[in-house]
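Engineer: Okay, here's the structure, questions in a sec.
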Amino acid sequence: MCGRFYVPEDSEIAMLRKVMENLESRNVTVKTGEVSPGDVAAVIASNRELKPQPFGMLWGYHLPNGKLLFNARSETAAQKPIFADGMEHRRCAIPAAHYFEWQKAEAGKTKYAIAPRESHGMLLAGIYRFENNKPVFTILTRSPSEDIAMIHDRMPVILPEEALADWLNPRYSGKEILSAALTSMIYRSC
């Protein structure tokens, strides 16, 4: 599960800095710092020419009961009516420095910042749709890597940068691209 991620305002991570500068130059305002469901976040998706471009999108699909659906299981998303179109036609990636997860214990919860071991920034795999003519996204999750399985039973699908263009291209199989997800993670308590 992924319920929070972090985007530094002034990032030393080249990929994040480039995305944020692009949005700023187009007067698109997105949340920085700790990003939560319901926030407008920086998201990379294909433009009309099928080229990757940053956009501001709201995190979470709205359900009829008023709740936000902010995660989708990557293993079953293509078969679920609410996610199938996104898996086939509307894929995106959410740039971040790391994501947060909480480990439950009898004494309370411990918050961890988690990121790929060999990475400078990360791209969370997502899908999007339009609600009232505005784009909204959800983050795909998977079983956790062995490195973090003791913290939580799910983690976001994290794509290597070299898989971004293929992930955004609807001509390629999303399932095959997701198999390239990064699995070696590091973590620290917050």
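The values are calculated or read from the model by the stated rules, or taken from the named source; none is laboratory data. Not measured: the values here are computed from a predicted model. Glycine also receives a Cβ, built like all others from the backbone with ideal geometry; neighbour counts cover every protein chain displayed. Just so you know, the surface numbers come from the protein's heavy atoms only, side chains and all, with ligands and any DNA or RNA stripped out. Shrake-Rupley method; radii C 1.70, N 1.55, O 1.52, S 1.80 Å.
Engineer: Within segment 123-130, identify whether any single residue is of a type in the set (D, E, K, R) and touching a residue at least 60 places away in the same chain (Cβ under 8 Å), and answer yes or no.
Structural biologist: yes
Engineer: Now for a different question. Report, ordered by the first and then the second residue, all pairs with beta carbons closer than 9 Å, sequence separation of six or more or different chains, a first member in segment 167-190 that is of a type in the set (Phe, Trp, Tyr), and a second member that is surrounded by 12 or more Cβ atoms within 10 Å (Cβ to Cβ) and part of a loop (DSSP other than H, G, I, E, B).
Structural biologist: The qualifying pairs are TRP167/ALA180; TYR187/ASP147; TYR187/ILE148; TYR187/ILE151.
Engineer: Kindly indicate the residue of segment 67-84 that is outside any helix (DSSP H, G or I) and touching a residue at least 12 places away in the same chain (Cβ under 8 Å) and also nearest to VAL35 (Cα to Cα) among those meeting that condition. Working first, answer last.
Structural biologist: Within segment 67-84, the first condition is being outside any helix (DSSP H, G or I), and the residues that meet it are 67-76, 80.
With touching a residue at least 12 places away in the same chain (Cβ under 8 Å) added as a condition, the list becomes 68-75.
On the way: LEU68: 14, LEU69: 15, PHE70: 12, ASN71: 14, ALA72: 17, ARG73: 20, SER74: 21, GLU75: 25 Å.
Within segment 67-84, the match that is nearest to VAL35 (Cα to Cα) is PHE70.
Engineer: May I pose another question? Looking at segment 158-176, which of its residues are buried (at least 20 other Cβ atoms within 10 Å of the Cβ) and either of a type in the set (D, E, K, R) or in contact with a Cys (Cβ under 9 Å, 6 or more places away or on another chain) (or both)?
Structural biologist: TRP167, LEU168
Engineer: Go through segment 89-128 residue by residue and tally those that are within 18 Å of PRO54 (Cβ to Cβ), open to solvent by 50 Å² or more (accessible area, probe 1.4 Å) and either out of contact with any helix residue (DSSP H, G or I) (no Cβ under 9 Å at 6 or more places or on another chain) or charged (D, E, K, R) (or both).
Structural biologist: Count: 1.
Engineer: Now for a separate question. Anything in segment 105-120 that is touching a strand residue (DSSP E or B) at 6+ places or on another chain (Cβ under 6 Å) and under 12 Å from PRO95 (Cα atoms)? List them, or say none.
Structural biologist: ALA115
Engineer: I've got another one for you. Could you pull out the residue among GLU106, GLU101, GLU118 that is of a type in the set (Asp, Glu) and more than 19 Å from SER145 (Cβ to Cβ)?
Structural biologist: Working: GLU101 fails: more than 19 Å from SER145 (Cβ to Cβ); GLU118 fails: more than 19 Å from SER145 (Cβ to Cβ).
Residue meeting the stated conditions: GLU106.
Engineer: Could you look through segment 38-75, keep only residues that are of a type in the set (A, V, I, L, M) and surrounded by fewer than 17 Cβ atoms within 10 Å (Cβ to Cβ), and pick out the one that is farthest from ILE94 (Cα to Cα)? Step through it out loud before you land on a result.
Structural biologist: Here is the first cut: in segment 38-75, the residues of a type in the set (A, V, I, L, M) are 40-45, 50, 57-58, 63, 68-69, 72.
Going one step further and asking which of them are surrounded by fewer than 17 Cβ atoms within 10 Å (Cβ to Cβ), we end up with 50, 63, 68-69.
On the way: LEU50: 17, LEU63: 21, LEU68: 17, LEU69: 16 Å.
Out of the qualifying residues, it is LEU63.
Engineer: Scan segment 1-49 for residues that are of a type in the set (D, E, K, R) and outside any loop (DSSP other than H, G, I, E, B) and report the count. So that I can check it myself, show each step before the final result.
Structural biologist: Residues of segment 1-49 of a type in the set (D, E, K, R): 4, 9-10, 12, 17-18, 21, 24, 26, 31, 34, 39, 48-49.
Okay, now just the ones that are also outside any loop (DSSP other than H, G, I, E, B), so 17-18, 21, 24, 34.
Going through segment 1-49 one residue at a time, the tally reaches 5.
Engineer: Restricting the first residue to segment 17-32 and requiring it to be over 17 Å from MET122 (Cα atoms), which pairs with a second residue that is open to solvent by less than 60 Å² (accessible area, probe 1.4 Å) and among the small types (Gly, Ala, Ser) meet a Cβ separation below 7 Å and a spacing of at least six or different chains?
Structural biologist: Pairs that qualify, where the first residue is over 17 Å from MET122 (Cα atoms) and the partner is open to solvent by less than 60 Å² (accessible area, probe 1.4 Å) and among the small types (Gly, Ala, Ser), are LEU23/ALA42; LEU23/GLY56; VAL28/GLY56; THR29/GLY56; VAL30/ALA41; VAL30/ALA42; VAL30/GLY56.
Engineer: In segment 5-16, what residues are out of contact with any Asp or Glu (no Cβ under 9 Å at 6 or more places or on another chain) and either without any contact (Cβ under 8 Å) to a residue 12 or more places away in the chain or open to solvent by 30 Å² or more (accessible area, probe 1.4 Å) (or both)?
Structural biologist: Once the filter is applied, which keeps residues that are out of contact with any Asp or Glu (no Cβ under 9 Å at 6 or more places or on another chain) and either without any contact (Cβ under 8 Å) to a residue 12 or more places away in the chain or open to solvent by 30 Å² or more (accessible area, probe 1.4 Å) (or both), segment 5-16 yields GLU9, ASP10, GLU12, ILE13, ALA14.
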